[in-house]
Amino acid sequence: MSRSHPLAILLAIALLVAAACTTTGTPGASGSASPSASGGGQAGTLVIYKDVSDLISLDPAVVYEFSGTLIVHNAYETLVQFQGSDLSTLKPGLATKWETKDAGSNWQISFDLRSGAKFASGNAVTADDVVYSIQRAIKLNKSPAFLFTDIAQLKPESVAANGANSVVITLPKTASAQGLLSILTFTIGSIVDSKEVKTHETAGDFGSGWLLEHSAGSGPYIIDHWTKATEVQLKANPNASAKPVLSSILVKHVPESTNQQFALERGDADVAVDLSPQQIAAEQGKQGVTTLKADSLQLVYVGMNATVKPLENVKVREAMRTAIDYNGIVNDLLKGNAKKVQGIVPAGLAGHNADTPFQQDITKAKSLLAEAGQDKGFSLELLVPTGPAPGGTQWSDVAAKLQADWGKIGVTVTIKQTTQAELLTTYRAQRGQLVLILWGPDFPDPDANAGPFTDYAAKSIAFRNGWNDASIADKAKKAALITDPTARNAAYKEITDYVLHNGPYAVLYQPSQNFGLRSNVKGFAWNPMAYADFWAISK
Amino acid sequence: MRFVTYLARRVVGIAAVMVGVSIITFAISHVVPADPAVAALGDHATPAQIVEFRHQYGLDRPLVDQYVLYVEGILHGDLGTSIRTRRAVADDLRDFFPATLELSLSALLIALLLGLPAGVWSAVRRGGIPDQVVRVVILAGGSLPIFWLGLIVIGVGYFQLGWFPGGGRIDAFVAPPPTRTGLYVVDSILAGDLDALSSSLRHLILPAVTLGYFSTALVARMTRASMLESLGQDYIRTARAKGLRERVVVWRHALRNALIPTVTILGLTFASLLSGAVLTETIFSWPGLGRYATASAVSLDFPAVMGVTLLAAVAYPLANLVVDIAYFWLDPRIQRGG
């Protein structure tokens, strides 16, 4: 072996390392070693550190994942919208005015489009674009399509242009007009530039292959690039009506929350999305960093299969609910990073029932079991997902707490922990006994929870727990169709009160979501539907 | 001629391994008591959507049919479509494999450049302070969990000192070099792009050190042990008696003979680095195959899991092949058929 070889290799490496140490990068650039005093990234760019491993598409008719929703929401406009973190007041979007008419057996909702609205391409937004976008979502029939086809019962012909600047959507009276308006605020209601998209159509894919990683909207930003498993960058749309404060948004894929925390403290990240409650607590009071606590619409609950003995007995289920130490879960286990909610409609949505009648009462729970003839106790299996639970603890910790609580009334619970996919396969087939899991509404309306939790025939949550109560399912269906908000809320109060004591559920908590922000970041408001309006953010 | 025959036998062996691995992986991944359609579509999917999805991905067919279809696809160069990313698995592998390859090669380079001299040094100075130091380092390398080490490395190198970036392959504001090999460092050199070279090297150092530490310790330990054995042999005494300089005795006579077990370890280590970099990739936001494999496994994404497994199944015999070729070079007796 010649001695010149290792020397040559060492020399080459030394040169490479020297090249690495040359400061040729952009000062303060994200991920660079040099901290930037003004926060992450370049001036004018908001750098968000987030685990975006759920990102599979940026096509608004396909996207149904949290990360995709966040991006797409900022690249497109919808006919109507919710702003900031509010989910109760519909605001104009591409439609300046909308009106719901009773047309016999149908509802007809007409929308007047904002004049002068333009897509990023410069094309004008027309009624044809609206018709194309909604029909496209229905015909593509991807994950979120059921919101149009099942919930709103739309067909491609349900949407029609009425001149160049007006659109009419017709839906049967068995569907809720209010529900459709809520759905239209979500990413599936995004209006795409039909002229642009049509130029990218291949093999009848409605341009889906192209929209996977490009955008064709009129939103405040356009998608500049998506490097898989690395980052998505948005740039300001020069034709947007709402001019964004920041010219660019960079969402960096950082799966490890410690890394997010480091970057936030060093100023490389402006926003850290996935910090645990412990990390958030550690950040409080640190210079240059603030934290934000926001709501989610998720509910963590235990499903009790009513086809499994003795859970078919309503008193046994009430005893199970009564034995749980909800305050302990929220305050000790989750360190207050959740709301104590016990109804099936989360706080933040219309129809939320703020009553929390349950808190651990062992004597009462035992007497309920005795009334049900189960005073000797019984054994059941609790299915639990693996990994972290919403709110910042582990699913296994919540399960262990429940196991201990139920043990106090003589109910022996065996915890079986599996991947969520395996758990759902069992749960969906009605084969679970006790199942610890979460639910988030598909659209911001009480019907998105009241339906699945009450309607056995919908083969959703009520079915999975073998709870077939036709009268309450019927009431929930009727409530969805009520147009008067006061009457609707009253109907949901009655439904949620009934489910609270008769349903096969023990709703444990509604988790909060925490963010770490650089203190110079202003205007960051998290919508519980898992998005933020980037255009309103400055730094 | 002997070498050609040997090579041909090896290639046939690799093909046989791939068939075996594909059958086993396919069988195992399909006995998991969970539905990939449910995993892909989630909690809210309607039963009709589940049925359609299963049909679309052929999950409603008998297992044997699914396997035959899969193999037919492979023979046509089609590894199937990922259930999770909805992209061709081959495209996904093409995107993610180079990142892992770059990281693994760098880790291997570190193992070679540090582990080998450390092992030799330690053996030559047996019992001395250098030997003690190397042995402690080796012990630590073999026992520190990689996620812990990664967090410490990033905590010091990035967070405390600020010498290196905190993750990713390249600065967000530096354009990656045009893809030729997919290895950013190599592509940057090929493109003559100093910005990209500098940025990608700086991003590479911490994860490569983290991933390479275990291998470095392994190589050092193996080299030390075989060097100790070599140094006690008669031919070393003869070489010294001939009056050769100690440096020549150690590096040319002893090391060459001691290298064979080290090379074996290097080959296996490289293959395991390729398939086992997941923790390092997670900590350093490295967009590689390890994270892809884990995410695919969790979502029961059979085509992707199969693709990654087959790739690993090729990597191991290939690494062994390289090792065997190195034997030919290192040990003349093998060439002579001795």
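The values are calculated or read from the model by the stated rules, or taken from the named source; none is laboratory data. What you see is a predicted model; the values in this text were computed from it and never measured. Cβ: placed from backbone, ideal geometry, glycine included. Neighbour counts: every protein chain shown.
Counting only residues that are under 34 Å from the mean Cα position of the chain (by Cα) and more than 10 Å from chain A (Cβ to nearest Cβ), the stretch B:36-53 holds 0 of them. Checked against the criterion of being surrounded by fewer than 22 Cβ atoms within 10 Å (Cβ to Cβ) and under 12 Å from B:THR100 (Cα atoms), the candidates B:VAL314, B:VAL322, B:VAL278 yield just one match: B:VAL278.
One line per residue, one yes/no per condition, for (1) within 14 Å of another protein chain (Cβ to nearest Cβ); (2) in contact with an Asp or Glu (Cβ under 6 Å, 6 or more places away or on another chain):
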| residue | (1), (2) |
| --- | --- |
| B:SER104 | no, no |
| B:PRO117 | yes, no |
| B:ARG125 | no, yes |
| B:ASP131 | no, no |
| B:GLY142 | no, no |
| B:PRO145 | no, no |
| B:ILE152 | yes, no |
| B:GLY162 | yes, no |
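Across the stretch A:160-183, which residue is surrounded by the fewest Cβ atoms within 10 Å (Cβ to Cβ) among those that are of a type outside the set (A, V, I, L, M, F, W, C) and in contact (Cβ under 8 Å) with a residue 60 or more places away in the chain? Don't jump to the end; show me each part of the working.
Going residue by residue through the stretch A:160-183, those that are of a type outside the set (A, V, I, L, M, F, W, C) are A:162-163, A:165-166, A:170, A:172-174, A:176, A:178-179, A:182.
Filter once more, so that each one left must be in contact (Cβ under 8 Å) with a residue 60 or more places away in the chain: A:170, A:172-174, A:176, A:178-179, A:182.
Numbers: A:THR170: 18, A:PRO172: 13, A:LYS173: 14, A:THR174: 11, A:SER176: 25, A:GLN178: 22, A:GLY179: 22, A:SER182: 29.
In this case the residue turns out to be A:THR174.
Screening the stretch B:287-323 for residues that are over 14 Å from the mean Cα position of the chain (by Cα), more than 13 Å from B:GLY80 (Cβ to Cβ) and outside any helix (DSSP H, G or I) and picking the one that is nearest to the other protein chains (Cβ to nearest Cβ) gives B:PRO287.
Quick check on my filter: what residues within the stretch B:263-289 are modelled with pLDDT of 80 or more, of a type in the set (Ser, Thr, Tyr) and over 20 Å from B:TYR184 (Cβ atoms)? If the condition is that a residue be modelled with pLDDT of 80 or more, of a type in the set (Ser, Thr, Tyr) and over 20 Å from B:TYR184 (Cβ atoms), then B:THR264, B:THR269 are the ones that fit. Count of the stretch A:232-277 residues, restricted to those that are within 10 Å of chain B (Cβ to nearest Cβ) and without any contact (Cβ under 8 Å) to a residue 60 or more places away in the chain, is 5.
Go through the stretch A:98-124 residue by residue and tally those that are touching a Leu at 6+ places or on another chain (Cβ under 9 Å) and under 30 Å from A:GLY348 (Cβ atoms).
Keep residues of the stretch A:98-124 that are touching a Leu at 6+ places or on another chain (Cβ under 9 Å), which gives A:98, A:100, A:106-109, A:111, A:113-114, A:117.
Subset that is under 30 Å from A:GLY348 (Cβ atoms): A:98, A:100, A:107-109, A:111, A:113-114, A:117.
Of the residues in that region, 9 qualify.
In the stretch A:62-83, which residue that is among the small types (Gly, Ala, Ser) and in contact with a strand residue (DSSP E or B) (Cβ under 8 Å, 6 or more places away or on another chain) is surrounded by the fewest Cβ atoms within 10 Å (Cβ to Cβ)?
By that ranking, first place goes to A:SER67.
Every residue, every condition in (1) modelled with pLDDT under 80; (2) closer than 30 Å to A:ARG464 by Cβ, yes or no:
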residue: B:PHE3; (1), (2): yes, no
residue: B:ALA15; (1), (2): no, no
residue: B:VAL19; (1), (2): no, no
residue: B:SER22; (1), (2): no, no
residue: B:SER29; (1), (2): yes, yes
residue: B:GLU52; (1), (2): no, yes
residue: B:TYR57; (1), (2): no, yes
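Beta carbons closer than 7 Å, at least 6 apart along the sequence or on distinct chains, pair a first residue in the stretch B:229-251 that is under 18 Å from B:TRP121 (Cα atoms) with a second that is of a type in the set (S, T, N, Q) and surrounded by 12 or more Cβ atoms within 10 Å (Cβ to Cβ) for B:SER230/B:ASN257; B:ILE236/B:SER230.
Of the residues that sit in the stretch A:237-272 and are among the acidic types (Asp, Glu), within 18 Å of A:LYS522 (Cα to Cα) and part of a loop (DSSP other than H, G, I, E, B), which one is nearest to the chain's Cα centre (by Cα)?
The selected residue is A:ASP270.
Say whether the condition of being modelled with pLDDT under 95, crowded, with 18+ Cβ neighbours inside 10 Å, closer than 30 Å to A:LEU402 by Cα and in contact with a Phe, Trp or Tyr (Cβ under 9 Å, 6 or more places away or on another chain) is met by at least one residue in the stretch A:277-286. Yes, because at least one residue in the stretch A:277-286 is modelled with pLDDT under 95, crowded, with 18+ Cβ neighbours inside 10 Å, closer than 30 Å to A:LEU402 by Cα and in contact with a Phe, Trp or Tyr (Cβ under 9 Å, 6 or more places away or on another chain). In the stretch A:137-168, of all residues being β-branched (Val, Ile, Thr) and over 26 Å from the mean Cα position of the chain (by Cα), the one that is farthest from A:LYS91 (Cα to Cα) corresponds to A:VAL159.
Can you find, within the stretch B:178-213, the residue that is farthest from B:ARG126 (Cα to Cα) among those that are touching a residue at least 12 places away in the same chain (Cβ under 8 Å), part of a helix (DSSP H, G or I) and among the small types (Gly, Ala, Ser)? Across the stretch B:178-213, the extreme among qualifying residues is B:ALA191. Among all residues of the stretch A:336-357, there is at least one that is of a type in the set (A, V, I, L, M), surrounded by fewer than 16 Cβ atoms within 10 Å (Cβ to Cβ), within 27 Å of A:ILE280 (Cβ to Cβ) and not assigned by TED's automatic domain parsing to the domain that holds A:ILE280. Quick one: A:ILE280 ticks every box in (1) in the same structural domain as A:LYS50 (by TED's automatic domain parsing); (2) assigned to a loop (DSSP other than H, G, I, E, B) bar one, so which box is it? For A:ILE280, the failing item is (2). In this entry, B:GLN66 is excluded by the filter for residues that are within 14 Å of chain A (Cβ to nearest Cβ) and among the polar types (S, T, N, Q).
Check B:ASP131, B:ASP43, B:ASP35 and return the single one that is in contact with a strand residue (DSSP E or B) (Cβ under 8 Å, 6 or more places away or on another chain), surrounded by 15 or more Cβ atoms within 10 Å (Cβ to Cβ) and more than 22 Å from A:ALA229 (Cβ to Cβ). Full working, then the answer.
Values: B:ASP131 fails: in contact with a strand residue (DSSP E or B) (Cβ under 8 Å, 6 or more places away or on another chain); B:ASP35 fails: in contact with a strand residue (DSSP E or B) (Cβ under 8 Å, 6 or more places away or on another chain).
Only one candidate passes the filter, namely B:ASP43.
Among the residues of the stretch A:512-521, are any over 22 Å from A:SER182 (Cβ atoms), among the aromatic types (Phe, Trp, Tyr) and in contact (Cβ under 8 Å) with a residue 40 or more places away in the chain? For the stretch A:512-521, residues over 22 Å from A:SER182 (Cβ atoms), among the aromatic types (Phe, Trp, Tyr) and in contact (Cβ under 8 Å) with a residue 40 or more places away in the chain: present. Here A:ALA319 fulfils each of the conditions (1) assigned to a loop (DSSP other than H, G, I, E, B); (2) out of contact with any Asp or Glu (no Cβ under 8 Å at 6 or more places or on another chain); (3) of a type in the set (Gly, Ala, Ser) apart from (1).
Every test in (1) free of Cβ contacts under 8 Å to residues at least 60 places away in the same chain; (2) polar (S, T, N, Q); (3) more than 13 Å from every other protein chain (Cβ to nearest Cβ) is passed by B:THR216 save one, and that test is (1). Kindly provide the set of residues from the stretch A:100-124 that are under 28 Å from the mean Cα position of the chain (by Cα) and in a loop (DSSP other than H, G, I, E, B), ordered by number. Selection gives A:PHE119, A:ALA120.
Among the conditions (1) more than 14 Å from chain B (Cβ to nearest Cβ); (2) in contact with a strand residue (DSSP E or B) (Cβ under 6 Å, 6 or more places away or on another chain), A:GLU213 misses just one, which is (1).
If only residues of the stretch A:424-482 that are β-branched (Val, Ile, Thr), more than 14 Å from chain B (Cβ to nearest Cβ) and surrounded by fewer than 24 Cβ atoms within 10 Å (Cβ to Cβ) are counted, the one that is farthest from A:LEU349 (Cα to Cα) is A:ILE472.
Evaluation of A:PRO390 against the conditions (1) away from chain B (no Cβ under 14 Å); (2) under 21 Å from A:GLY328 (Cα atoms) shows that the sole unmet condition is (1). Being in the same structural domain as A:LYS340 (by TED's automatic domain parsing) and more than 23 Å from A:ILE151 (Cα to Cα): is that true of A:VAL507 here? Yes, satisfied.
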